[in-house]
1. Would you mind calculating the gained length between GLU102 and LYS166 on full extension (0.36 nm times residue separation, minus the Cα-Cα distance), in nm to one decimal?
2. To the nearest 0.05, how large is the calculated FRET efficiency for ARG226 and ILE69 if R₀ is 35 Å and r is the Cβ-Cβ distance?
3. Direction-averaged shadow area of the convex hull around the Cα atoms of segment 131-177, nm²?
4. Calculated from DSSP H runs of 4 or more alone, at -39500 (n - 2.57) each and per residue, what is the 222 nm mean residue ellipticity of the chain, nearest 500?
5. Cα gyration tensor of the chain, axes a ≥ b ≥ c as square roots of the eigenvalues: rounded (a/c below 1.5), prolate (a/b > b/c) or oblate?
6. Under a cut-off of 19 Å between alpha-carbon atoms, report the lysines in cross-link reach of LYS229, not counting same-chain residues fewer than 8 places apart.
7. Of ASN234, ASN190, ASN174, which is the most mobile in a GNM of the chain whose springs link Cα atoms less than 10 angstrom apart?
8. How many Å² of accessible area per residue for the chain, probe 1.4 Å?
Amino acid sequence: MRRRNGIGSDPSEAEHKLKSLITFLGTAEGERTLHCAHVETLQHKRLQYQRLLQDAERDVERERELIDIKMPDLKRTSRVQGDQDNWLIFESVSRGYLEAKERASVFDAIRARAEARLRAVEGGRGSPPIAPALVESLRSLFLFRSQPHVVQTVVDVVCSYLKNPKLLRSKFLNFMMVGPPGTGKTTLANVIASVFARAGMFVEDRVITAGRAELVAEYEGQTVARTRKFLVSNLDRGVIFVDEAYSITKWNDGKP
């Protein structure tokens, strides 16, 4: 996705593109195009998470084999007799196993949700049309006419997704909102997140808000694990919005 810096952006052009997209989504062709993009995305994600699940299950099996190899010697060293277990011993060799099990569980749950939603969307049962919800979110962008470069970029992303959902699979849809307090960054970020989520780009259509507490651990060396766990557990639930991202890292003399 090409980023624009806002220089030379034409407010009337951005608004025209937004109105055209909303009008298109209100037609039978627009609803059909969005439906096809959503179905194709869910089909891809069902297969993607099935592959990830299989990889995680292989990791589980490898970790289980390592435990079987290490456990007898650890039991002898700790003087644990027979089939008696010692949780501290297991914990010392099972971290990789538990992490692999958790990944497998997450991937299996996402695959199941993608499959269930795909059946509902294809069958037209229990799944309301997503075009009206997307249009509702797109209309919120009219509140940000003063930032046409942002509006136009969001519209371009949605249009690219409608034309070919595969285009977004190799792109990182990351936005950074920078500016002084009170300029509406959080509000705008939530609108953008809602548009992308409701367009059907993910298995679910939620907006997950995160901050320092979800990403940074209390003790040094634990942050990577906490961040990874948060991201894995929220895969394809929708858009992750990191509020007040400046608080994630320490600052010195006004610099992170």
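1. Working: separation 64, 0.36 × 64 = 23.04 nm, distance 2.84 nm.
Once the chain is fully extended between GLU102 and LYS166, it gains 20.2 nm.
2. On the way: r = 30 Å, r/R0 = 0.85.
The pair ARG226/ILE69 has a calculated efficiency of 0.75.
3. Values: hull surface 15.2 nm².
For the Cα atoms of segment 131-177, the hull's average projected area reads 3.8 nm².
4. Details: 9 runs with 156 residues, N = 256.
Mean residue ellipticity at 222 nm (helix-derived): -20500 deg cm²/dmol.
5. On the way: a/c = 3.47, a/b = 1.68, b/c = 2.07.
Judged from the Cα gyration tensor, the chain comes out oblate (a/c at least 1.5, b/c at or above a/b).
6. LYS101
7. ASN174
8. Values: 15910 Å² over 256 residues.
Per residue, the chain has an accessible area of 62 Å².
The values are calculated or read from the model by the stated rules, or taken from the named source; none is laboratory data. Predicted, not measured: the structure shown is a model, and the values here were computed from it. Neighbour counts run over all protein chains shown; Cβ positions are idealised from the backbone, glycine included. SASA here: full protein model, heavy atoms, side chains in, ligands and nucleic acids out. Shrake-Rupley method; radii C 1.70, N 1.55, O 1.52, S 1.80 Å.
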